[in-house]
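Here's the structure we're looking at; comments come further down.
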Amino acid sequence: MKIIGSYVSPYVRKVLACIHLKGLDYEIDPITAFYGNEEFERLSPLRRIPVLVDGDLALSDSSVICAWLDEAFPDPPLLPAGVNDRARARWFEEYADTRLGDTFIWGLFYPKIVYPIIWGEPGDAARIERTIAEDLPREMDYLEGELPETGYLFGPGIGLADIAIASFFRNGAYADFRPDPARWPRVAAYVDHVLAQECFARFLPFEDVQRSATPQGRRQALLAAGAPLTAETLGTREARRGVMRL
Ligand SMILES: N[C@@H](CCC(=O)N[C@@H](CS)C(=O)NCC(=O)O)C(=O)O
């Protein structure tokens, strides 16, 4: 099974964590969506990562991919057993992918870290400011009222809802946002606990390499670190804007 997408993407991280929980092997073409070629666009019509390719099946969108993983490889399940809990877990996944995606990625990580690197000019400073002053505190307040004091949302083990939420906080930390434990003690403790689990921790060395290596040296550095790279890449040298502009 092949994953197309950078180790640093929160949506790729979510899929890889689920692949790990299922005990499956993967190969990865760790490209950023902006550097995808024509074949990438054929597989991912919105030019977004992650993409999963398994034989002649190509899927994009992390939620679609995780749902397929859970149906194709039911053990262990990613969702809780009860009908109501399953619906709540799907809500948290949807909430994370859309609202946490908007705040953590489009409001902070993208303008602060990604945009200047790819497009060679500063990202939207006003947007970053608004995210830090208004959007992130609003979402931390919401999560503080929803997350458990210890353990996982639907326990006893980690599940898709925990993975979907916690993944964004890694990118938050890369952009210097960490929930203040004095103001949001549950969020801070929960995120630390979830991100410390093996399904996240095992990919951290590859994230570090991906963040520090030059675009030219990245594949070699990831190979040297033991990442299971695909033989071929769908990456290009020139960046290209996607279709989902804000
Ligand atoms: N709903 C999608 C969102 C994926 C997404 O936004 N990925 C980002 C990278 S973190 C991307 O590919 N952005 C490029 C673009 O939108 O042009 C999912 O869950 O997979």
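Annotation: per residue accessible area for the chain equals 48 Å², rounded to a whole number [probe 1.4 Å, protein chains only].
Working with all protein chains in place, sort Thr230, Thr214 by solvent-accessible area computed with a 1.4 Å probe, largest first.
Thr214, Thr230
When Lys14, Lys2 are compared by accessible area of protein heavy atoms, the largest-first order is Lys2, Lys14, using a 1.4 Å probe. Using a simple spin-label model with pseudo-atoms 7 Å out from Cα toward Cβ, Glu27 and Arg202 lie 1.9 nm apart. Can you pull the percent of the stretch 64-167's accessible area that's carbon plus sulfur, 1.4 Å probe, other chains left in place? For the stretch 64-167, the apolar C and S fraction of the accessible surface comes to 56 percent.
Which stretch or stretches of the stretch 214-246 have amide N atoms under 14 Å from the point lying 7 Å from Glu121's Cα along the Cα→Cβ direction? Only 241 fall inside the zone, counting backbone N under 14 Å.
Each of Ala164, Leu147, Gly235 was placed along the dipole of the chain (beta-carbon charges, centred on the mean Cα), and the one lying farthest toward the positive end is Gly235. Relative contact order of the chain: 28 percent, from C-alpha pairs under 8 Å at least 6 residues apart in sequence. The phi torsions of the stretch 104-110, fed into the Karplus equation with coefficients 6.51, -1.76 and 1.60 and a -60° offset, translate into couplings of 5, 8, 6, x, 9, 5, 5 Hz, rounded to whole numbers, with Gly and Pro shown as x. Find, among the GluC sites (Glu not before Pro) in the stretch 102-157, those assigned to loop by DSSP (not H, G, I, E, B) with at most 15 other beta-carbon atoms within 10 angstrom. Loop-located and lightly packed - Glu149. The amide H of Ile28, built 1.01 Å from its N in the peptide plane, has Ile3, Leu229, Thr230 as neighbours under 5 Å, considering only residues 5 or more places off or on other chains. Beta bridges assigned by DSSP with both partners in the chain are antiparallel in approximately 65 percent of cases.
In the stretch 62-110, what GluC sites (Glu not before Pro) fall in a loop by DSSP, with at most 10 other Cβ atoms inside 10 Å?
Here no loop site has a sparse enough neighbourhood.
Calculate the all-directions average of the projected area of the chain's alpha-carbon convex hull, and give it in nm². That works out to 12.9 nm², a quarter of the Cα hull's surface.
Annotation for Glu129 and Arg241: the two label points, set 7 Å from Cα along the Cα-Cβ direction, are 2.3 nm apart. Positive end of the dipole of the stretch 69-176 (Cβ unit charges, origin at the Cα centre): among Phe73, Thr131, Trp91, the Cα lying farthest that way belongs to Thr131. Pairwise Cα separations in the stretch 162-234 fall into 5 Å bins from 0 onward with the following percentages, short to long: 3, 14, 21, 19, 15, 13, 7, 4, 2, 0. Taking the helices alone, the chain has a mean residue ellipticity at 222 nm of -12500 deg cm²/dmol, built from -39,500 (n - 2.57) per DSSP H run of at least 4 residues and averaged over all its residues. For the stretch 1-122, report the translational diffusion coefficient in µm²/s to the nearest whole number, using Stokes-Einstein at 10 °C, 1.306 mPa s, and a Kirkwood Rh over Cα pairs. Estimated diffusion coefficient is 103 µm²/s.
The values are calculated or read from the model by the stated rules, or taken from the named source; none is laboratory data. These numbers come from a predicted model, not from an experiment. Virtual Cβ from ideal backbone geometry, glycine too; neighbours counted across all protein chains shown. Note: accessible area is taken over every heavy atom of the protein model, side chains too, but ligands, DNA and RNA are not part of it. Shrake-Rupley method; radii C 1.70, N 1.55, O 1.52, S 1.80 Å.
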